[in-house]
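To keep things clear, I will list the structure first and then write my remarks on it.
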Amino acid sequence: MPSASTTASIPVVVGADSPVASDSSVTPVATAVASEPVDTRLAPSSPGFRRMSFALFAAGMAAFALLYSTQALLPAISAGLDVTAAQASWTVSAATGALALFVLPLSALSERFGRRTVMTYSLVVAVAVALLVPLAPNVGWLIALRAVQGAALAGLPASAMAYLAEEVRPKALVAAIGLFVAGNSIGGMSGRIVTGWVAQLWGWRAALASVALMALVCAVVFRLLLPRARNFTPGTLNPKALARTVGTHLSDPLLRRLYAIGALFMTVFGAVYTVIGYRLVEAPFNLPQGVVGSIFLVYLVGTVSSAAAGRLVARTGRRGALYLAVTTTTLGLLLSLSDSLTGVLSGLVLITAGFFAGHAVASSSVSHTAKTGRAQASALYQSAYYLGSSVGGTLGATAFHAGGWEGTVALGLLAVVGVAAITLYGTRCARVERRSLLVAARS
């Protein structure tokens, strides 16, 4: 992995009374060249940081809009292709599952060919497939194309996290990743709203085509604005070295906990947003498709909570931020049980805020914890995260079929309890480690 900074030679005037002068042979006008590290990574005040943030925001928009393009349309797809909710849910789960499988190998390619290159090709292929998705003749073809699309998108998230870890100064890393995640939330929201209204007017196929065109614009913006990497050093494609790096990350207890937290948070989110459309088009709500799509305006809450994750961590610490995310998500799940539309929407707001805050904290913690092989560390997190989405979407639809919305909420609460247990265990481990260090310092 490349160094986080480069070294520049800076001329320093050394006088006779300078602390670096060792004897009288140094004259008052003598000069020496001293080397001081210069941090070339982007700071929030630099123009390059703003360009980078906007570029990755656009990439995040495209990725989430494409990845979940069928989610708000599931009731329409079920009716149009005459399939059940569980079958239709595979149009989401196939994409997220393929992403989970391919994110690690594509992150390895980014170590060889560069983060910027891999992210660009990922978006190009994903957009090209998106233009074919509306032409799928049946649910089998639709699921297959969505799986290819998910595999293509796998090159984006881990490469983006590694790019940020290498190109952004540590103090700004959580904020930068928060902005990328905010782009995810905006993409997920806008994609669902657009598809909802377009589907109501012209059908679900036209809705998917509209998302493809939106993602195409985002991909062009991303490529034009993203600065070239200044701290990336190409590596070689070595399967054995990759296996060793992966093994090292998986043997790290903290990273394993972060991967599990990401998977469990996404299980909640995948279950809730896969099923919510079915609930809202049925009694007692009976909402039309366009209005159901507009429900995803609550993603704006995710934009705010993920972008604010850096400030939250500064105030409460990483584990404190996770406890707050768990509490918020739990309250949202319980509130969503209401038969009042206001109660359901309030529950979705809390679920979305808790999820995006927890995801931003966990993903940035992975980049902070991994000192080498950051792309692989981020890839493993993304793999667990999207596996959670795939499992959550499928199990959430199955639970809804078996026990209604209460079944979906029960699944979500079980996953949240898992996050709380892991975070509590991490807190206990940190306390034990601090006590051990104090004892060692006193002895």
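The values are calculated or read from the model by the stated rules, or taken from the named source; none is laboratory data. If you're wondering where the values come from, they're calculated on a predicted model, not measured in any experiment. Neighbour counts are summed over all protein chains in view; Cβ atoms, including those assigned to glycine, are modelled from backbone coordinates with ideal geometry. What goes into the accessible areas is simple: the full protein's heavy atoms, side chains included, and nothing from ligands, DNA or RNA. Shrake-Rupley method; radii C 1.70, N 1.55, O 1.52, S 1.80 Å.
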- Task: State the three equivalent ellipsoid semi-axes of the stretch 315-443, derived from the C-alpha gyration tensor as the square roots of 5 times its eigenvalues, in descending order and whole Å.
- Result: 33, 18, 13
- Query: Mind listing the phi-derived Karplus ³J(HN,Hα) values for the stretch 165-175, rounded to whole Hz, using 6.51, -1.76 and 1.60 with θ = phi - 60°, and x for any glycine or proline?
  - Reply: 4, 8, 9, 10, 5, x, 5, 9, 5, 4, 5
- Value at 222 nm in deg cm²/dmol, rounded to 500, when DSSP H runs of n ≥ 4 in the chain each add -39,500 (n - 2.57): -26500 deg cm²/dmol
- Message: What do you get for the angle between helix 309-335 and the principal long axis of the chain? Use alpha-carbon atoms, 0 to 90 degrees, nearest ten.
- Response: 10 degrees
- Mean-square fluctuation maximum in Gaussian network of the chain, Cα pairs under 10 Å, restricted to 430, 108, 309, hits 430
- Query: In the stretch 198-266, which trypsin sites (Lys or Arg not before Pro) are in a loop and have at most 16 other Cβ atoms within 10 Å, using DSSP for the loop call?
  - Reply: 228, 230
- Those trypsin sites (Lys or Arg not before Pro) in the stretch 297-402 that DSSP places in a loop and that have at most 16 other beta carbons within 10 Å: 371
- Non-local amide H neighbours of residue 373 (under 5 Å, H modeled in plane, Pro and chain starts lacking H): which ones? none
- Note on the structure: Residues whose built amide H sits under 5 Å from the amide H of residue 42, excluding neighbours closer than 5 in sequence, are 168, 169
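Working with all protein chains in place, sort 222, 57 by solvent-accessible area computed with a 1.4 Å probe, largest first.
The ordering from most to least exposed comes out as 57, 222.
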- Please give the helix 239-250 orientation as an angle from the longest Cα principal axis of the chain, in degrees from 0 to 90, rounded to the nearest 10. 80 degrees
- Message: Only Cα pairs within less than 10 Å get springs; with that Gaussian network setup on the chain, which residue of 404, 302, 155 has the largest fluctuation?
- Response: 404
- Query: Along the stretch 372-385, what does the Karplus equation 6.51 cos²θ - 1.76 cosθ + 1.60 (θ = phi - 60°) give for ³J(HN,Hα), rounded to whole Hz, x for Gly and Pro?
  - Reply: 10, x, 4, 4, 5, 4, 5, 5, 5, 5, 5, 4, 5, 4
- Of 345, 325, 313, which is farthest on the positive side of the dipole of the stretch 292-419, counting Cα position, with +1 on Lys and Arg Cβ, -1 on Asp and Glu Cβ, and the Cα centre as origin? 313
- To the nearest Å², the heavy-atom accessible area per residue of the stretch 291-341 with 1.4 Å probe amounts to 45 Å²
- What ranking of 316, 328 comes out by heavy-atom accessible area, probe 1.4 Å, highest first? 316, 328
- Each residue of the stretch 184-194 in order: what ³J(HN,Hα) in whole Hz does its phi give by Karplus 6.51 cos²θ - 1.76 cosθ + 1.60, θ = phi - 60°, with x for Gly and Pro? 4, 5, 5, x, x, 5, 5, x, 6, 5, 4
- What is the stretch 40-145's relative contact order, in percent, from Cα pairs under 8 angstrom and six or more apart in sequence? 26 percent
- Query: How much length, in nm to one decimal, is gained on full extension between residue 251 and residue 297, taken as 0.36 nm per residue of separation minus their Cα-Cα distance?
  - Reply: 12.6 nm
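Quick one: with all protein chains in place, what share of the accessible area of the chain is carbon or sulfur, to the nearest percent (1.4 Å probe)?
67 percent
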- Task: Using a 10 angstrom cutoff on alpha carbons, build the Gaussian network for the chain and name the most mobile of 347, 412, 396.
- Result: 347
- Item | Alpha-carbon Rg with Dmax, taken over the stretch 125-280, Å | 18.6, 53
- Over the stretch 337-436, what is the relative contact order in whole percent, taking alpha-carbon pairs under 8 Å and six or more residues apart? 17 percent
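Evaluate the relative contact order of the stretch 161-217 (contact order divided by residue number), counting alpha-carbon pairs under 8 angstrom at least 6 apart; express in whole percent.
20 percent
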- What accessible area per residue, rounded to a whole number of Å², is obtained for the stretch 35-93 using a probe radius of 1.4 Å? 36 Å²
